[in-house]
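To start, the structure itself, in structure tokens.
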Amino acid sequence: MTNALFQTIKLGNLTLKNRIVMPPMTRSRASQPGNVANQMMADYYAQRASAGLIIAEGTQISPMGQGYAWTPGIYSAAQIAGWKKVTDAVHAKDGVIFAQLWHVGRVTHPDNIGGMQPISSSAMKAENVKVFIDNGTDGPGFVDVVEPREMTKADIQLVVGEYRQAALNAIEAGFDGIELHAANGYLINQFIDSEANNRTDEYGGCIENRLRFLSEVIAAMAEAIGADRIGVRLAPFTSLNGTVDATPIESYTSAAAVLNNHKVAYIHFAEVDWDDAPGTPKAFKLSVRAVYQGVLIYAGRYNGAKGASAIEAGVTDMVGFGRPFVANPDLPNRLKNNYPLAMHNPDTLFGGAEAGLTDYPEYSVS
């Protein structure tokens, strides 16, 4: 039933052993101080190395890029060394792992970024959005985001450079490639989506302008590490963290065309995944397939049968299984043999230690 999931596939210069993707999921367990990836995280990812591709949790490219307490970074020497533990552990299990590079833009609070004011495409606060802080004095908890300042041209150039350096750092840390997080209301998404961008310069207005920042970041990273080691995550139809686009089909078909011009290795679409959410329009999936020649990944509400049929139908090339990977480190084996899936404990998703991270067992036939 799930045979299509277990075909090999070429991704850039890599050959992946199956088409099952572990997508990025924030787990908030980086060592403090310094937001450093650690041995516990290395064990977690190594347990899941049977995935065709692991995309590690979002890792901030700079101190200003951090949206939540306890998330890892990839801009300091200690952080690079921490991630090297993770990539070594995954490679020892014959796995493939990409880093997800992350700048949250306005989806943060001064307590998470050294007291600075957040930056964004525009000076527009994300409404009804909270972030997790640990300021060292109050108990850790959720607080409202604040109004950001609009990025200047110099800010834009600086951040493009930070993405480029983060891509180099990821390769130094042993990652097989990187995924640019351009989804879910974070910085690049704040430029793309019309309702989060009211700029009047060449980075705002028409969709071509709103895609300019994305294009410049990709160009800088591709020059540094090669486009064949770059993927991009997009979320056309979600309103996470307060970003909404007025014409998502047109905007994100255009984005796919831009990414095709850059020859990135894959586009990873995050579909809305709450229970009664509308599905991604079939017309959109067909239009993306028509303009983009690389590998397509879709993630959201898939099971083995649904994922296999999507591949067989030519809609996608790989399928991401998010929450199922939390409690099922051996998820590919379970899908292959139709073994039952364990359910995760929602109380241990974020923060803490090994409990709820590395203590979920593989399936036992006995």
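Worth pointing out:
- DSSP-defined beta bridges in region 97-218 - what % are antiparallel, rounded to 5: 40
- Fraction of beta bridges assigned by DSSP in the chain that are antiparallel (%, nearest 5): 20
- Paired Rg and Dmax values of region 166-278, which use every Cα atom, in angstrom: 14.1, 42
- Region 180-337: antiparallel DSSP beta bridges as a percent of all, rounded to 5: 0
- Evaluated at q = 0.18 Å⁻¹: base-10 log I(q)/I(0), Debye formula over Cα of region 196-248: -0.74
- The base-10 log of I(q)/I(0) for region 38-155, evaluated at q = 0.11, 0.13 Å⁻¹, reads -0.45, -0.60 [Debye formula, identical scatterers on Cα atoms, solvent excluded].
- Compactness check for the chain: Cα Rg over 2.2 N^0.38 Å is 0.93.
- Alpha-carbon centroid distance for the pair region 180-214 / region 298-366, whole angstrom: 32
- Rg(Cα)/(2.2 N^0.38 Å) for region 254-366, N = residue count: 1.25
- Prolate/oblate/rounded label for region 111-185 (Cα gyration tensor, a/c 1.5): oblate
- Candidate lysines for bridging to LYS17, where Cα separation is under 26 Å - those fewer than 8 sequence places away on the same chain excluded: LYS84, LYS85, LYS93, LYS263, LYS285, LYS306, LYS336
- Counting protein heavy atoms only, the chain has 53 percent of its accessible area on carbon and sulfur, 1.4 angstrom probe.
- List VAL217, VAL143, ordered by accessible area with a 1.4 Å probe, largest first: VAL143, VAL217
- Relative packing of 231-242, 251-262, 302-313, 342-353, which averages over residues the other C-beta atoms within 10 Å, highest first: 231-242, 251-262, 302-313, 342-353
The values are calculated or read from the model by the stated rules, or taken from the named source; none is laboratory data. Keep in mind it's a predicted model, so treat the numbers as computed, not measured. Every residue, glycine among them, receives a Cβ derived from its backbone with ideal geometry; neighbour counts consider all protein chains shown. Ligands, DNA and RNA are stripped out before the accessible areas are found, and what is left, the full protein with its side chains, is counted by its heavy atoms. Shrake-Rupley method; radii C 1.70, N 1.55, O 1.52, S 1.80 Å.
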